[in-house]
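A.B. asks: One structure follows; several queries about it will come next.
The values are calculated or read from the model by the stated rules, or taken from the named source; none is laboratory data. Note that this is a predicted model, so its numbers are computed, not measured. Quick reminder, even Gly has a Cβ in these numbers, built from the backbone with ideal geometry, and neighbours come from all protein chains shown. The protein model used for the area step is the full one, side chains on, heavy atoms only, and it has no ligands, DNA or RNA in it. Shrake-Rupley method; radii C 1.70, N 1.55, O 1.52, S 1.80 Å.
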Amino acid sequence: MAKGWFRRTTKKVFISINALLVFFFLLAALSPYINPNDFWLHGLIALTTPYLILSLILFVLFWLITKPILALLPVIALLIGWQQIAVVFAWTGNSIFTKRKAENHFRIVNWNIQSFNGLSKNALAKKMVRDEVATSILKTYPDIICLQEFNNATAENNISLFNRTHPYHFFSKDYQRNDGTYQAGCIIFSKYPMIDSGRVTFPSEESLIYADILKGSDTIRIFTTHLQSFKFKKKDYADIEKIKETDESSFSASLSLMRKMKAAYQKRGVQTSLVSTALERSPYPTIITGDFNDVPNSFTYFNIKGSKNDAFLQRSFGLGRTFISIAPTLRIDYILLDQQFEVKQFDMVDEALSDHIMLVADIRLKK
């Protein structure tokens, strides 16, 4: 009698947990349609999507062993939310990236270089970061370079690190201080002529920039942007550890983090709409790169991507982490391309010089 009661109770508990996971997964599947500026908590749910997917897959296996009919619950949920699964994991294989590219292809680099700060705390190592970042980029032989958190100063001209090989550039200069002698923001460098360029300002500090690049007889519009980050500082990362360890001060730490996350999600919701509009108005085949500060399961990603191809999904394999802190599932940097383009090669290069990983892609414009 007691044994039967225990089995029934255990079964009910597992069914309840499974149903709860299904509910949150289906809620996460609504991310393309829920603007975090209207409902910011949905952004948090989107962050958990890879873990929800894994949990539901484990439940499928569990029910197949114990009660096969109940496996239909997580299977149906996964089928409904297949769009979310498709953007989390790349299945196309990760072939060896070759330095040599075809004559009719061009190579693009996208990287958040973390203001040339590097990861080392050693003062001498920090002095070397500028040159090491430039060397790491240039040794990939790119034709176009898109950088976020780039800075330039009268006393330290970082543009000169690239303009010998890439004579054309457009710099957003989102932040300026010291009477304009220091500037920071996004920048696009190109070996090919820029026939036009422009900047779309956001209500917050960041912006979206573009450059119309002439490659042979083709004009291509390249966008790059740095969307609103959570602006976590050292204390915030320490707070995350407190929460993980269920420290007694974790509640106040959670409130502080939530406030920052709410502000970031709401700002990204507004920024995403501005980016989407700018992409729709482009008169040329378009590529957008950047640090979106949001995962592939987010409103941000789906609404900027639209019908574009994701270079990572086209030519890679795995989860594709691009931000090295907090969690192993944070792919927040992208190269997205119109359907007129074909991705020939793609690579993710960790040079241990930034908290972001460099993306490199060889691209061809279809005729």
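A.B. asks: Return the residue satisfying two criteria in turn: it lies in region 144-179 and is touching a residue at least 60 places away in the same chain (Cβ under 8 Å) and under 17 Å from I108 (Cα atoms), and of such residues it is farthest from the chain's Cα centre (by Cα).
C.D. replies: Applying the first criterion (touching a residue at least 60 places away in the same chain (Cβ under 8 Å)) to region 144-179 yields 144, 146-149.
Next, only the ones that are under 17 Å from I108 (Cα atoms) stay: 144, 146-148.
Details: I144: 19, C146: 14, L147: 13, Q148: 12 Å.
Looking at residues that are touching a residue at least 60 places away in the same chain (Cβ under 8 Å) and under 17 Å from I108 (Cα atoms), I get I144.
A.B. asks: So, of the residues in region 180-191 that are more than 26 Å from the chain's Cα centre (by Cα) and touching a residue at least 24 places away in the same chain (Cβ under 8 Å), which turns out to be farthest from S207 (Cα to Cα)? Spell out the reasoning first.
C.D. replies: Initially, region 180-191 is screened for residues more than 26 Å from the chain's Cα centre (by Cα), giving 180-182.
Cutting the leftovers down to touching a residue at least 24 places away in the same chain (Cβ under 8 Å) gives us 181-182.
Details: T181: 20, Y182: 17 Å.
Once the filter is applied, the top-ranked residue is T181.
Residues checked against (1) under 30 Å from S217 (Cα atoms); (2) not in a loop (DSSP other than H, G, I, E, B):
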{"site": "L257", "(1), (2)": "no, yes"}
{"site": "S273", "(1), (2)": "no, yes"}
{"site": "L279", "(1), (2)": "yes, yes"}
{"site": "I288", "(1), (2)": "yes, yes"}
{"site": "F312", "(1), (2)": "yes, yes"}
{"site": "P328", "(1), (2)": "no, no"}
{"site": "L336", "(1), (2)": "yes, yes"}
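A.B. asks: Scanning for something surrounded by 22 or more Cβ atoms within 10 Å (Cβ to Cβ) and more than 12 Å from the chain's Cα centre (by Cα), does region 322-332 turn up at least one residue?
C.D. replies: No; the residues of region 322-332 include none that is surrounded by 22 or more Cβ atoms within 10 Å (Cβ to Cβ) and more than 12 Å from the chain's Cα centre (by Cα).
A.B. asks: Can we say N110 is open to solvent by 20 Å² or more (accessible area, probe 1.4 Å) and either in a strand (DSSP E or B) or in contact with a Lys or Arg (Cβ under 7 Å, 6 or more places away or on another chain) (or both)? Spell out how you get there, then give the answer.
C.D. replies: On the way: open to solvent by 20 Å² or more (accessible area, probe 1.4 Å): no; either in a strand (DSSP E or B) or in contact with a Lys or Arg (Cβ under 7 Å, 6 or more places away or on another chain) (or both): yes.
Judged against the criteria, N110 is not a match.
A.B. asks: Among the residues of region 117-144, which ones are under 25 Å from P167 (Cβ atoms), out of contact with any strand residue (DSSP E or B) (no Cβ under 9 Å at 6 or more places or on another chain) and of a type in the set (S, T, Y)?
C.D. replies: If we filter region 117-144 for residues that are under 25 Å from P167 (Cβ atoms), which is where we start, we get 129-144.
Filter once more, keeping what is out of contact with any strand residue (DSSP E or B) (no Cβ under 9 Å at 6 or more places or on another chain): 129-132, 134-135, 139.
Scanning region 117-144 gives a single hit, T135.
A.B. asks: Can you name the condition, by its number, that S316 falls short on among (1) of a type outside the set (D, E, K, R); (2) over 23 Å from I113 (Cα atoms); (3) surrounded by 21 or more Cβ atoms within 10 Å (Cβ to Cβ)?
C.D. replies: S316 satisfies every listed condition except (2).
A.B. asks: Related question: On the given criteria, is T92 surrounded by fewer than 16 Cβ atoms within 10 Å (Cβ to Cβ), among the polar types (S, T, N, Q) and within 25 Å of A352 (Cα to Cα)? Break it down into steps so the answer makes sense when it comes.
C.D. replies: Values: surrounded by fewer than 16 Cβ atoms within 10 Å (Cβ to Cβ): yes; among the polar types (S, T, N, Q): yes; within 25 Å of A352 (Cα to Cα): no.
Spelling it out, it is not the case that T92 is surrounded by fewer than 16 Cβ atoms within 10 Å (Cβ to Cβ), among the polar types (S, T, N, Q) and within 25 Å of A352 (Cα to Cα).
A.B. asks: When you scan region 298-306, do you find a residue that is outside any loop (DSSP other than H, G, I, E, B), more than 11 Å from the chain's Cα centre (by Cα) and crowded, with 22+ Cβ neighbours inside 10 Å, even just one?
C.D. replies: Of all residues in region 298-306, those outside any loop (DSSP other than H, G, I, E, B) come to 299-305.
Now narrow it down to the ones that are more than 11 Å from the chain's Cα centre (by Cα): 299, 302-305.
If we keep only those that are crowded, with 22+ Cβ neighbours inside 10 Å as well, we get 299, 304.
Yes, because at least one residue in region 298-306 is outside any loop (DSSP other than H, G, I, E, B), more than 11 Å from the chain's Cα centre (by Cα) and crowded, with 22+ Cβ neighbours inside 10 Å.
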